[in-house]
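Heads up: the structure comes next, in C-alpha cells.
The values are calculated or read from the model by the stated rules, or taken from the named source; none is laboratory data. Here the structure is a predicted model, which is why all the values come from computation and not from measurement. Note that we place each Cβ from the backbone using ideal geometry, even for glycine, and neighbour counts take in every protein chain shown.
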Amino acid sequence: MVRNIAAIVAILIAAAALEARADDSFHFRRSPGPRLVGTRAESSGSGEVIATLSGSSLSLKGRYHGLLGTPTAAGLSMGTAPGVRGPRIADLTISPAIEGSVSGTVRLNGKQLAAFRKGGLYVEIDSASAPDGDLWGWVMPPAE
C-alpha cells in the first residue's frame, strides 16, 4: 500500500515537473503568403524568427529580406489553426527597409495561449506592394 502511494506521488511530481517545464524557445520560418494562388507574384521574401515563451509572455525576434517594398506594418495574428488567418492581436516593431529585423513581446491571454499551442499564431509583415501580407510565418511550437 505504501509502495503504491509512493509510486503515485512520484508520478504526480513528474507530471507537475513536465507541466512547469522551463521556457520554450524555437525557430520558425517566414515565407511569401499570398491569399490566393493568383497573387503569388505580389508576395516575396523570406526570413526567420526565434520565438521564446516564458509563462504567458511570447518574445519574437527575427530577420527578413527580399520584400517587394518597404514594410508598412508587422504584427502577431491569431487564426483558429495553422494556415488559417485571423485577427491581429499585437503590433510588432519592424525595420523600415526591404531587409531588416522584426521583434516584439506579447503577453498572451488564455485563448491566445491555446491558439499558440495549436499552431494558430502567426507573424505577418505587410508592405505597400502586398498590404495583405508580404511574409507570413506560423509559430509552430515543438511537439510535446
#### Entry: All positions within region 107-135 that are surrounded by fewer than 19 Cβ atoms within 10 Å (Cβ to Cβ) and either in contact with a helix residue (DSSP H, G or I) (Cβ under 7 Å, 6 or more places away or on another chain) or among the aliphatic types (A, V, I, L, M) (or both)
Leu113, Ala114, Ala128, Ser129
### Message
So for region 77-94 (the condition being of a type in the set (A, V, I, L, M), touching a residue at least 40 places away in the same chain (Cβ under 8 Å) and closer than 16 Å to Glu48 by Cα), does at least one residue qualify?
### Response
no
#### Entry: Single residue of Ala73, Ala41 found to be of a type in the set (A, V, I, L, M), outside any loop (DSSP other than H, G, I, E, B), at pLDDT below 90 and over 14 Å from the mean Cα position of the chain (by Cα)
Ala41
### Task
Run down Arg3, Arg35, Arg30 and say which single residue is modelled with pLDDT under 50 and in a strand (DSSP E or B).
Arg30
### Query
Out of all the residues in region 115-135, which are among the hydrophobic types (A, V, I, L, M, F, W, C), at pLDDT 90 or above and either part of a loop (DSSP other than H, G, I, E, B) or more than 19 Å from Ser59 (Cβ to Cβ) (or both)?
none
### Message
Given the criteria at pLDDT below 90, closer than 16 Å to Arg107 by Cα and not in a loop (DSSP other than H, G, I, E, B), does Ser59 qualify?
### Response
no
